[in-house]
Amino acid sequence: MTADIISIGDELLIGQVINTNASWIAGQFNLAGIGISRITAISDQKEHIINTLNEASRRSEIILITGGLGPTKDDITKETLCEYFNTKLVFNETVFENIKELFGKRGFDISELNRKQAEVPENCIPVKNINGTAPGMWFEKEGKVYISMPGVPFEMKSMVSDHIIPKLLQKFDIGAIVHKTILTQGLPESVLAKKIEDWEDNLPDSIKLAYLPQPGIVRLRLSTSGKDKAKLEENIKIEIQKLKKIIPDSIFGFDNEKLYEIIGSLLQEKNQTLSTAESCTGGYIAHLITSVAGSSEYFKGSVVAYANETKENILGVRDKSLVEYGAVSEQVAVEMAEGVKSKLKTDYAIAVTGIAGPGGGTPEKPVGTTWIAIATPQKTIVKHFQMGEHRERNIRRTALTALGMLRRELV
C-alpha cells in the first residue's frame, strides 16, 4: 500500500515556504504502515494539477493533496478537482454549519467568500476542519482514494490524525512499516561503513539500511515492512544487538534522542556536574546543554574564552603555553579544561579551542584544526581533530564531538 503526496502552491516553488507538510504527512503515514512513493510540489495551474493526479494514480492507491483550498481567486484546487472527477460544486449545509460555529467562537461575521467555502464537489465526502473554514475532500475513483486538504499545517494535521488515517486503516488491509534509527558519533561515514561492512552485507533481504550523515553524527536507519509488526520489530532488534558488538563505543542513542539530553541523564544518574570552556564554538556547547529543561541540576556554567587574555585571566591558562604552543594547541586545551573545572568546581569539564574558519589558518594549523579536552575526576584526556573548512559545520561538529568524548567517559 503506497501513497503519493502532491503539494500545490507557487510559494513552494520559489523558495518562499518550506514544504514541511509533506515531510510531516510522510512520517505519519509511515507510522500507519503506508509507504510514500513520491512527493511532488507543483504550481497553482489546472493542467499541472490534472497531469500530476494522472501520474500519481498510476503509482499509488492513495493520493494526498495539500494546498489551494482558500477562498481567494488564486486557489483553484476545488474547481480543478471538479473537472478531474467530472462533477460540480454544490453548497454543503454541514460544512457551512461548521464554518458558522468556528466564526461564532471567534466573534467574526461570515463573508460571501467564507460562505463559498461551504461549496464542495458533489461527489466528494467532506472531511471536517475543526481549525479552519476549508473542508477536506475525500474522493474515490477506480479503486483509488484521493484526499484534498488545506495547506495550513495545523488544519491539515488534525484532519490526517483524527479522520484520514483512521478511515484509511478501516478501508484497506494495511501492513506495518518499521523504522529504527541508530545514532552514532565518533566515526566518519566512510570509516563507519567499512567497519560494519560485513554486518551490512549479511542483513536479511527484508531489512534495508540507509546512511544519514550530518556534521558530527551519522544516523543508520533500518527499515522493514510486513504484516506482523511485533515480528518486524524483533527482527530489527536482533540486528541492532549484532551491531552493538561491532561499534559499542560509537552508538549513543536511537531515533529522536539527542546527545546532550543523554549526557544530562548520565550526569543526573551519577549526581555529578559539568562546566565548559569554549573558544572556537563560542558557547554553542553550553547552548545545546542548556536547551534541555532542568539542566541547571548538573550544568554549572561556561566560560567563552575567545581572546587569549580571557584564557589567561579567567581560566588560568599560562602565558608561556600561549606563546610557545599557541592558543590552538594540546597544552592550552588541557589548561582550559582543568581551569574551568577548578573555577566552577565541577566534576567534569569540556574545553575546545580551534580555528573555525574561514580565515585564521596557517600551513601548520589549517582551518579546522581543533583540540578538545575532557577533564574528569581522575584524569584529563585531549584529542586533536581536523574538522574541515566550513565555519558553521566546524562549530557543530566540534560541539558534538566534544559531547561524544564526554559521553564515553560517563558510561
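What follows is calculated from the coordinates using simple rules that are stated; it is not laboratory data. This one's a predicted model, so the numbers in the text were calculated from it and none came from an experiment. Because the Cβ atoms are built from the backbone with ideal geometry, glycine has one as well, and the counts that use them run over all protein chains shown.
Distance between the 7 Å Cα→Cβ label points at F91 and T380: 8.0 nm. Sorting 280-290, 240-250 by average packing, meaning the other beta carbons within 10 Å per residue, from highest down gives 280-290, 240-250.
Its Cα centre serving as origin, the stretch 299-402 has a Cβ charge dipole (Lys and Arg +1, Asp and Glu -1) of approximately 360 debye. Quick check: the angle from helix 93-106's long axis to the longest principal axis of the chain, C-alpha only, nearest 10 degrees? The angle comes out near 40 degrees. Estimate the FRET efficiency between S190 and K157 by the formula 1/(1 + (r/R0)^6), using the beta-carbon distance for r and 35 Å for R0, to the nearest 0.05. So the FRET efficiency works out to roughly 0.35.
Helix 391-410 and the longest principal axis of the C-alpha atoms of the chain enclose an angle of approximately 70°.
Relative contact order of the chain, taken over Cα pairs closer than 8 Å and 6 or more residues apart, is 11 percent. Within a straight-line Cα-Cα reach of under 22 Å, K171 can be paired with the following lysines, leaving aside sequence neighbours fewer than 8 residues apart in one chain: K128, K141, K144, K157, K227, K229. Modelled label positions at A293 and K46, each set 7 Å beyond Cα in the direction of Cβ, lie 5.1 nm from each other. Express as a percent, rounded to the nearest 5, the fraction of DSSP beta bridges in the chain (both residues included) that run antiparallel. In the chain, approximately 60 percent of DSSP beta bridges are antiparallel ones. Round to the nearest 10 and give me the degree value, 0 to 90, for the angle of helix 46-59's Cα axis relative to the longest principal axis of the chain. The angle comes out near 80 degrees. The relative contact order of the stretch 265-370, computed from alpha carbon pairs under 8 Å that lie at least 6 residues apart in sequence, is 32 percent.
A straight Cα-to-Cα reach below 16 Å connects K195 with the lysines K242, K244, K245, residues fewer than 8 places away in its own chain not being considered.
Close amide H pairs (under 5 Å, H built 1.01 Å from N) link N123 with K88, residues at least 5 positions away or on another chain. Charges were assigned to the Cβ only: +1 to each Lys and Arg, -1 to each Asp and Glu. The resulting dipole of the stretch 2-171 about its Cα centre is roughly 400 debye.
Remark: the chain carries a charge dipole of roughly 900 debye about the Cα centre, counting +1 on each Lys and Arg Cβ and -1 on each Asp and Glu Cβ. The peptide list 14-20, 302-308, put in order of mean Cβ contacts within 10 Å with the highest first, becomes 302-308, 14-20. For the cross-link pairs K46/K78; K194/K231; K320/K365, the ones whose C-alpha atoms lie over 21 Å apart are K194/K231. Projecting the Cα atoms of F252, Q214, A176 onto the charge dipole of the stretch 176-254 (Cβ charges, centred on the Cα centre) puts A176 farthest toward the positive pole. The residue list V340, V328, G354 was ranked by how far each Cα lies along the charge dipole of the stretch 312-359 toward its positive end, using unit charges on Cβ atoms, and V340 comes out on top.
Each of S43, I63, N30 was scored by the projection of its Cα onto the charge dipole of the stretch 25-95, and the greatest displacement toward the positive side belongs to N30; charges sit on the C-beta of Lys, Arg, Asp and Glu. Maximal additional length on extending the R38-Q214 stretch stands at 61.0 nm, based on 0.36 nm per residue less the C-alpha distance.
Against the set [x] 26; [y] 45; [z] 18, the structure's computed percent of Cα pairs over 37 Å apart falls on [y].
Spacing of the modelled spin labels on I76 and D109, each 7 Å from Cα toward Cβ, amounts to 3.2 nm. Using the Cβ of E47 as centre and a radius below 15 Å, the other residues enclosed give a net charge of -4, where K and R count +1 and D and E count -1.
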